Amino acid sequence: MKAVMVMFDSLNRHMLPPYGADWVHAPNFARLAALSTTYDNCYVGSMPCMPARRELHTGRHNFLHRSWGPLEPFDDSMPEILKQHGVYTHLVSDHQHYWEDGGATYHGRYNTWEFFRGQEGDAWRGQVADPEPPEDLHSNRNDLWRQDWVNRAHMETEDKHPQTLTFDAGLEFLRVNRAQDNWFVQIETFDPHEPFFSHKSYKDLYPHDYQGPHFDWPDYTKVTETEEQTAHARFEYAALLSMCDNSLGRVLDAMDAYGLWDDTLLIVCTDHGLLLGEKGWWGKLVQPWYNELSNIPLFVWDPRRPAHAGSRHSGLVQTIDIAPTMLEFFGLEPTPDMQGRPLGEATDGALGEVPLRTSAVFGMFGGHVNITDGRWVYMRSCHDATNQPLYEHTLMPTHGRGRFSPAELADAELAEPFDFTKGVRTLRVPATTAPGFDPSRFGALLYDLADDPGQERPVVDDDVELRMIRLLVEQLRDGDAPPDQYERLGLPPTPEAVTTAHLQAAAHRRQPRQSAALEHAPRAEEFPEGRLGLRTPLAVLLSDPVAVEAVRRFVPGITDSELLTVRTSVSLLQLAAATGRPDRDQLTALANELARLFPRS
């Protein structure tokens, strides 16, 4: 038996022809759907990138205990289990986060791996002189943005693009090992994650008249661009998606050429989606995890079930089901700590469906905790704006691109073991979320997908909310969530203890939330050149390029990390709450605060 997994990053289900997109050029995804089972209700679990990959290895949710981080010493790893049982495992990827501090334990679980450089500001090509990019709408001109332009100079043709090189390597593995048995290859590209960098042949698939600045890398913020600029960014994403489709077609061609359909499992998946202006937002992380982000595409070909080719499955499945599916295919049992189940259990011997679960929980560390039963989606907000208590539970204290600081670890203590840590106690480290990240400003949200599939109209229904809260508490208990999560979310420890006192949706719709300013985020033209507006929370201001430039004028040479400090300054947040035109005293106070934070100013 053999298995191939093709994984894309930030692959939008709503941009794929098998899920209804009629303007995106992706014939190979349509071809794949005709050959496989297409899952209509696949949901993420833990997000974003590396938390999703930890689920892919371990078959269990991790976002309630840990943010972005490596595999832990007590984690089960599906590729490693396969390796230990004689299945050769190989990873080919251009996903640079695997080789950073917060992902450094993943690739070593495979027998062998290959890595291709250059995606999204990967610290690849060394160049002291600044690159000379065209005028660019990307407002967060940080070190990643600079390095990305350095790297792009070395990808002038498609054959040098890291996505192409990744699929070249995956196809070479198939060619060399096609006659062998007992292997698993994971072909994983960072695309179509931003920046949406592709080549002319793919851009030509989407002709449109655009005369504006370069724009293929939106910030994670409210849409402030013009309609023309917004449409252009979507076309840039579509062009990169079409390049991904071409790469997928190469894998399908190899499956044909080498006769692999008879004995090879094929899974095509992603970690999450990406907002491309829907609901007035770009990206992810800041806003709740709407369905554009959390309801993801999944395609599975199982050679043991050929009658299912071209079928669709409507039952709830999740990322945590992929590891048990892979183990079961090679005749291995899921480990006791895995919450997922083999996808084969979701079908009977004919074309019917067997539900794997009645509800699915998903979210990001420190954000909303969400539950769906397939029709309703309930997004539970933190209890108040402090978003506390919140703790990291880890034995691997690293963030995405760095280590925990001594200050972060100063108050760490040992926690009691969880049911999945194999008797091991973890560090319990006080955690804070990123500046500008406040789930309470959105409040609790309840959506009826039958009536409102686009999640445009949150509803208030106490009976449904009570039922969804009870389902959520059940999931928290099943996942052995830490006590701080119950307190942060304002929830009791048992479903039986849920009462009307725990309802949030109605109260949050009645009360003005901090999100009011975010729902009407100002456009750049509302900030006259040279003036720092104080009409909205500073987190909004600092998502706007003109406002950022105003701060930079106060503090020449301010770094991006220092800008994050500005965002979290209590004094500045108080100033930002002022209304009306800022007077001389307000501007003086702002200048003094910046001078205090950064003496060189």
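The residues of segment 335-360 that are over 26 Å from the mean Cα position of the chain (by Cα) and part of a loop (DSSP other than H, G, I, E, B), listed by number, are PRO336, ASP348, GLY349, ALA350, LEU351, GLY352, VAL354. Give the residues of segment 317-334 that are surrounded by 18 or more Cβ atoms within 10 Å (Cβ to Cβ), in a loop (DSSP other than H, G, I, E, B) and out of contact with any His (no Cβ under 9 Å at 6 or more places or on another chain), sorted by residue number. Across segment 317-334, the qualifying residue is only PRO334. Residues in segment 465-485 that are under 17 Å from PRO389 (Cα atoms) and in contact (Cβ under 8 Å) with a residue 12 or more places away in the chain: LEU476, ASP480, ALA481, PRO482, ASP484, GLN485. All conditions in (1) outside any loop (DSSP other than H, G, I, E, B); (2) in contact with a Phe, Trp or Tyr (Cβ under 6 Å, 6 or more places away or on another chain); (3) not aliphatic (A, V, I, L, M) hold for ARG117, with the sole exception of (1). One residue is enough: does segment 207-215 have a residue meeting the conditions under 24 Å from the mean Cα position of the chain (by Cα) and under 24 Å from GLU120 (Cβ atoms)? Yes, segment 207-215 has at least one match.
Restricted to segment 149-188, and to residues there that are surrounded by 15 or more Cβ atoms within 10 Å (Cβ to Cβ) and among the acidic types (Asp, Glu), the residue that is farthest from TYR110 (Cα to Cα) is GLU158.
Please go through segment 169-227 and give me each residue that is over 27 Å from ARG117 (Cβ atoms) and either among the β-branched types (Val, Ile, Thr) or in a helix (DSSP H, G or I) (or both), ordered by number. If the condition is that a residue be over 27 Å from ARG117 (Cβ atoms) and either among the β-branched types (Val, Ile, Thr) or in a helix (DSSP H, G or I) (or both), then THR221, VAL223, THR224, THR226, GLU227 are the ones that fit.
Would you kindly identify the helices (runs of 4 or more DSSP H) lying entirely within segment 8-90 that contain at least 1 residues that are more than 28 Å from PRO162 (Cα to Cα)? Step through it out loud before you land on a result.
Working: elements: 27-35, 49-58, 78-84.
The helices (runs of 4 or more DSSP H) meeting that bar are 27-35, 78-84.
Whether any residue in segment 361-369 is over 24 Å from the mean Cα position of the chain (by Cα) and over 26 Å from GLU80 (Cβ atoms) is what I want to check. No.
One residue alone among GLU80, GLU72 is in contact with a Leu (Cβ under 6 Å, 6 or more places away or on another chain) and of a type in the set (D, E, K, R), and that residue is GLU72. Among the residues of segment 255-273, some residue qualifies, meaning at least one is surrounded by fewer than 18 Cβ atoms within 10 Å (Cβ to Cβ), at negative phi and of a type in the set (Gly, Ala, Ser).
Values in this text are rule-based calculations from the coordinates and carry no lab data. Just so it is clear, the model here is predicted, and its values are computed rather than measured. Positions of Cβ are backbone-derived with ideal geometry, glycine not excepted, and every protein chain shown enters the neighbour counts.
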